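The structure under discussion appears below in the form of structure tokens.
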Amino acid sequence: MKKFIKEIVFFLIIGLVIGEIIARFFFLTPTIPESQIDRFGIQKYIPNQAGYWKGGLHKWQINEKGWPGKLPESFDNLVTIIGDSFIENFENPEECHQMDYLKKALAKYNYTEASRSGVSFIEALEISKQLDSLNPKVQLIYINETDFSESVLQIKRLPNITQMDLDNNLITYGKMKAPGLKKVLYSWKLAFYLYRRFQPSLAQIKPAKSNVKPNQSISDNFNHFEKLIGYARKNYNLEKIVIVLRPDTNKEFREFLKLHVLNVIQLDNSEDDNWSFEHDYHWTCYGHERASLQVVEYLKKL
């Protein structure tokens with residue numbers, strides 16, 4: 001019996017080693033960059049990392065400021081681009097980032113990106129405050145209505161996302177979820193592949209308790225949004241900030257925002273909605289290019 005158990009353990013170890021080699025050689029999972037929280041409470045990536053997307057199709061890099069993508073040669077005449085996973089854009093090669101398309105179409109500006117999956121509107125504003133030190137001409141913030149609602153603690157408490165506590169007029173900074181476990185999972189490629197492939201129920205994070213009622217209309221949150229915008233006007237340089245709304249933005253929210261914020265771009269893919277991957281709602285290179293052309297038309301008017 002002992003010999004049988006030893007043989008099982010031996011072959012199991014051999015199988016794990018071979019599986020790990022295969023997972024790494026064929027890039028069955030993407031390389032995920034390690035994160036950290038800076039002294040201002042903003043979650044960024046550890047600077048100067050590099051890795052590959054799933055399949056090894058292209059490489060990504062984290063620059064010295066802790067954001068995906070490369071830095072411009074100069075910060076003169078600067079436009080910053082702030083956003084969540086759409087701007088982070090690990091799914092595409094670096095030449096398919098917003099900053100690259102904007103630079104090709106409007107070369108008189110320099111561009112830099114600051115993005116991370118899960119960035120809320122209030123965190124994007126906090127990032128814009130950090131970037132003010134670079135004296136940008138314009139700060140573009142790419143969002144939709146979800147990034148607004150996730151910014152308000154009273155709508156739904158999300159501990160891993162930076163939110164605004166409107167009752168106490170305080171920002172509660174997001175905390176990283178299980179950083180030690182994630183580090184092990186991302187390093188162990190076979191385990192990460194199996195997790196992504198099968199998503200076992202034990203690995204699911206229990207969702208935060210929501211204060212949103214079933215079938216609640218987004219307009220029910222407008223009072224919260226008005227308070228959030230009022231706070232933003234007092235604490236951030238909104239004159240330099242342009243909000244870029246994604247095409248899927250809720251119509252009610254879009255009209256509400258236009259009444260309260262002067263600098264708004266509404267992206268439109270109604271005539272050509274082939275912006276996203278078939279398996280993923282994020283934009284392809286083509287989608288990023290089409291979005292950038294509409295942003296360029298706005299920047300030309302400034």
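Which residue, of Asn223, Asn237, Asn274, is surrounded by fewer than 17 Cβ atoms within 10 Å (Cβ to Cβ), outside any loop (DSSP other than H, G, I, E, B) and of a type in the set (S, T, N, Q)? Step through it out loud before you land on a result.
Values: Asn237 fails: outside any loop (DSSP other than H, G, I, E, B); Asn274 fails: outside any loop (DSSP other than H, G, I, E, B).
Within the list Asn223, Asn237, Asn274, the selection yields Asn223.
The residues listed here are Lys108, Lys65, Lys104; of these, the one that is among the basic types (Lys, Arg) and part of a helix (DSSP H, G or I) is Lys104.
Would you point out the residue of the stretch 249-282, among those that are hydrophobic (A, V, I, L, M, F, W, C) and either farther than 26 Å from Val138 by Cβ or at pLDDT below 85 (or both), that is farthest from the chain's Cα centre (by Cα)? Can you show your working first?
So in the stretch 249-282, the residues hydrophobic (A, V, I, L, M, F, W, C) come out as 253, 256-257, 259, 261-262, 264-265, 267, 275, 277.
With the extra rule that they be either farther than 26 Å from Val138 by Cβ or at pLDDT below 85 (or both), the set shrinks to 261-262, 277.
Values: Val261: 22, Leu262: 24, Phe277: 17 Å.
Top of the filtered list is Leu262.
Per the conditions (1) within 21 Å of Ile218 (Cβ to Cβ); (2) in a helix (DSSP H, G or I); (3) touching a residue at least 12 places away in the same chain (Cβ under 8 Å), the sole criterion not satisfied by Val244 is (2).
Answer yes if at least one residue in the stretch 181-198 is among the hydrophobic types (A, V, I, L, M, F, W, C), assigned to a helix (DSSP H, G or I), modelled with pLDDT of 90 or more and touching a Leu at 6+ places or on another chain (Cβ under 9 Å), and no otherwise. No. Kindly indicate whether Lys227 is within 21 Å of Thr162 (Cα to Cα) and among the charged types (D, E, K, R). When the stated conditions are applied, Lys227 passes them. Candidates in the stretch 83-99 are the residues that are part of a helix (DSSP H, G or I) and surrounded by fewer than 21 Cβ atoms within 10 Å (Cβ to Cβ); of these, the one that is modelled with the lowest pLDDT is Glu94.
Scanning the stretch 46-77 for residues that are surrounded by 20 or more Cβ atoms within 10 Å (Cβ to Cβ), at negative phi and not aliphatic (A, V, I, L, M) yields Trp60, Trp67, Pro68. Scanning the stretch 251-271 for residues that are crowded, with 17+ Cβ neighbours inside 10 Å and assigned to a loop (DSSP other than H, G, I, E, B) yields Asn263, Leu267, Asn269.
Hey, any hits in the stretch 124-136 for a residue that's assigned to a loop (DSSP other than H, G, I, E, B) and more than 12 Å from the chain's Cα centre (by Cα)? Within the stretch 124-136 (the criterion being assigned to a loop (DSSP other than H, G, I, E, B) and more than 12 Å from the chain's Cα centre (by Cα)), the answer is yes, since at least one residue qualifies.
Which residues, taken from the stretch 155-165, are over 12 Å from Gly118 (Cα atoms) and either surrounded by 20 or more Cβ atoms within 10 Å (Cβ to Cβ) or out of contact with any Lys or Arg (no Cβ under 9 Å at 6 or more places or on another chain) (or both)? Don't jump to the end; show me each part of the working.
Residues of the stretch 155-165 over 12 Å from Gly118 (Cα atoms): 155-157, 164-165.
Across the stretch 155-165, the qualifying residues are Ile155, Met164, Asp165.
Just checking, which of Thr31, Thr80 is hydroxyl-bearing (Ser, Thr, Tyr), modelled with pLDDT of 75 or more, surrounded by 14 or more Cβ atoms within 10 Å (Cβ to Cβ) and in a loop (DSSP other than H, G, I, E, B)? Just one listed residue meets the conditions, Thr31. All told, Tyr111 falls short of being at pLDDT below 95 and touching a Lys or Arg at 6+ places or on another chain (Cβ under 6 Å). Checked against (1) more than 12 Å from the chain's Cα centre (by Cα); (2) at positive phi; (3) surrounded by fewer than 20 Cβ atoms within 10 Å (Cβ to Cβ), Gly118 passes all but a single condition, namely (1). The numbered conditions (1) out of contact with any helix residue (DSSP H, G or I) (no Cβ under 9 Å at 6 or more places or on another chain); (2) more than 15 Å from Ala124 (Cα to Cα); (3) of a type in the set (Ser, Thr, Tyr) are all true for Ser85 except (2).
The values are calculated or read from the model by the stated rules, or taken from the named source; none is laboratory data. Remember, predicted model here, so these are calculated numbers, not experimental data. Cβ coordinates were reconstructed from backbone atoms using ideal geometry, including for glycine residues, and neighbour counts include every protein chain displayed.
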